[in-house]
1. Check the stretch 141-160 and report whether any residue there is within 16 Å of the ligand (Cβ to nearest atom), more than 27 Å from residue 229 (Cα to Cα) and in contact with a helix residue (DSSP H, G or I) (Cβ under 8 Å, 6 or more places away or on another chain).
2. Could you tell me which of the residues 169, 155, 205 is under 21 Å from residue 91 (Cβ atoms) and touching a Lys or Arg at 6+ places or on another chain (Cβ under 8 Å)?
3. Looking at 353, 322, can you tell me which residue is on the phi < 0 side of the Ramachandran plot and surrounded by fewer than 19 Cβ atoms within 10 Å (Cβ to Cβ)?
4. Give the residue, chosen from 340, 274, 270, that is polar (S, T, N, Q) and more than 26 Å from the chain's Cα centre (by Cα).
5. In this structure, is residue 387 surrounded by fewer than 17 Cβ atoms within 10 Å (Cβ to Cβ), of a type in the set (A, V, I, L, M), over 21 Å from residue 254 (Cα atoms) and modelled with pLDDT of 95 or more?
6. Out of everything in the stretch 118-136 that is in a loop (DSSP other than H, G, I, E, B) and either under 20 Å from residue 250 (Cα atoms) or open to solvent by less than 10 Å² (accessible area, probe 1.4 Å) (or both), what residue ends up being farthest from the ligand (Cβ to nearest atom)?
7. Could you please let me know if residue 258 is polar (S, T, N, Q) and open to solvent by 30 Å² or more (accessible area, probe 1.4 Å)?
8. Checking the structure you have, find out if any residue of the stretch 296-305 is buried (at least 16 other Cβ atoms within 10 Å of the Cβ), under 30 Å from residue 110 (Cα atoms) and either over 26 Å from the mean Cα position of the chain (by Cα) or in contact (Cβ under 8 Å) with a residue 40 or more places away in the chain (or both).
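The values are calculated or read from the model by the stated rules, or taken from the named source; none is laboratory data. Computed from a predicted structure; not experimentally measured. FYI the Cβ positions are ideal-geometry reconstructions off the backbone, even for glycines, and counts take in every protein chain you see. Note: areas computed on protein heavy atoms with side chains; ligands, DNA, RNA excluded. Shrake-Rupley method; radii C 1.70, N 1.55, O 1.52, S 1.80 Å.
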Amino acid sequence: MATNTEQSNPALTTLSEDEALFRDSVYEFADREIRPLVREMDEHAKIPRPLVDKLFELGVMGIEVPEAYGGGGARFFHAVLAVEALSRVDPSIGVLVDVQNTLVVNALLRWGSDDVKRRYLPRLASGTIGAYALSEAGSGSDAFALATRAAERDGEWRLTGRKLWITNGNEADLFIVFANVNPEAGYRGITAFLVERGFDGFTVGKKEDKLGIRASSTCELILEECRVPRANVLGEVGKGYKTAIETLNEGRIGIGAQMIGLAQGALDHTIGYTRERRQFGKPIAEFQAVQHQIARAATELEAARLMVYNAARLRDNGQPFVAEAAMCKIFSSEVAERVTSLAINLFGGYGFVKDYPVEKLWRDSKIGQIYEGTSNLQLQTIAKHILG
Ligand SMILES: Cc1cc2nc3c(=O)[nH]c(=O)nc-3n(C[C@H](O)[C@H](O)[C@H](O)COP(=O)(O)OP(=O)(O)OC[C@H]3O[C@@H](n4cnc5c(N)ncnc54)[C@H](O)[C@@H]3O)c2cc1C
C-alpha cells in the first residue's frame, strides 16, 4: 500500500518539463504566426506555403521521426500536444500537422522497410507534406470496399482508381494510397503504396469547398495506370488493411486532440468576451447563469482532455488503447460542438458574424464526428470491446 511519503502516479495532465516546454513553444508559435492569418485562410480556403515552411522549421512536421533522419525523435504524446496547441488557434493547421504525424509518419515508422524510412522520413521531417488516401466515393465507413486496383506489370505496380476527401491533397508530395491487388481475396488484397505527386499517371483533382476547416485542403486523387515502383509498397502486399486499421486507431487520438484544442480556443474567446461585454450595467460574466454555462463547458472539456491524454499515454506505453481512442474521439468531438455552440450563444449576435472568431470554430467542430470514422463507427468499435 502507498504511504504518504511515496510518490504517486502523476495526473494525466501533468506534463514533464520537456512536454510542457514543447507544448508552450507550439502554442506561442500558433499565437504569433497563425492567429493573424486565421480569418484570411478560412476565407480563401488556403494555407500559405511560407507558414507551412515555418511549421517544418518549428519541428512539428516530423515529431516522431528519429533524430538520425532529421526529426524530433519524440513520442506520440508530443504529437497530440502539438495538434491540441495548434488547433486552439486554427484546427485547419491542427489537422495538417495531425495527418502528417499520426497517420503518415506513424505508418512509415511502423510499416516502412529500412529503405522506405531512409528515402522518405528525412523528406517528411524537412519539407515534404504527406497525405493518407483510403476513402473513395463509394467507400467511406465501409473503407475496405475500396475500388482502386493495383496490378503488377513489367516489374512495377500500376494503380487505377479515384480517391476522395484526401486531406492535404493540395499541398502533399507523398501519398499513402490504398489499393486492392486481388479483389477476389476481399480485404486481404488491400495493399498500401507510397505514391509521389510526380509519378506517371497521378493527378490531384477537385478541391472541396467545405463548411469548416476550410483552409485544410480536401481533394480528389486520380490514378490512371499510375506507375509505382515495387520498392514503394508500404508493409506487405495484402496487409494494407492492417496498416489502415492500426494507423487509424492511433490517428483518432489526434482528432481528439484537434477537438479539445478547438474547444479550448472557443472557451478562451468566451471567457475574454463575457468579462468585457456589459449588459444590465455589468459584465455578462457576472451573471450566475452565464458562469454556470461556462463552468459546465470547462468541466466537459477537462473530461475530454483526460480521455485524449489517457489514450495517447496508453498508446505510448504499449498498452491496449483502441476502445479508449474511439471513446476519446466521439466524446471530444461532441464536446467541441457543444462548447463552440455555447460560445456563439454567449457572444450573442456577435457570435453569428465573421468579425468574431467563434462561428468559425463551430463550423470547424463538425468534422470531428465525421472523419477517421464517423461517430456511429466509433460506437461500433466501443460496443465490440464491451460486448465482444
Ligand atoms: C474534410 C474531410 C477530410 C477527410 N480526410 C480524409 C483523408 O485524409 N483520408 C481519407 O482516406 N479519408 C478522408 N475523409 C473521408 C472520411 O473518413 C469519410 O467521409 C468518413 O469515413 C465517412 O465516410 P462517408 O463520407 O462515405 O460516409 P458514409 O460511410 O456513407 O456514412 C454516412 C452515414 O451513415 C452512417 N453509417 C455508415 N455505415 C454505418 C453502420 N454500419 N452502422 C451505423 N451507421 C453507419 C455513418 O455513421 C454516417 O452517419 C475526409 C472527409 C472529410 C469530410
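1. Yes: the stretch 141-160 contains one or more residues that are within 16 Å of the ligand (Cβ to nearest atom), more than 27 Å from residue 229 (Cα to Cα) and in contact with a helix residue (DSSP H, G or I) (Cβ under 8 Å, 6 or more places away or on another chain).
2. 169
3. Of the residues listed, the single one that is on the phi < 0 side of the Ramachandran plot and surrounded by fewer than 19 Cβ atoms within 10 Å (Cβ to Cβ) is 353.
4. On inspection, the qualifying residue turns out to be 274.
5. Yes; evaluated as a whole, the condition is true for this residue.
6. Applying the filter and picking the extreme gives 129.
7. The answer is no for residue 258.
8. Within the stretch 296-305 (the criterion being buried (at least 16 other Cβ atoms within 10 Å of the Cβ), under 30 Å from residue 110 (Cα atoms) and either over 26 Å from the mean Cα position of the chain (by Cα) or in contact (Cβ under 8 Å) with a residue 40 or more places away in the chain (or both)), the answer is yes, since at least one residue qualifies.
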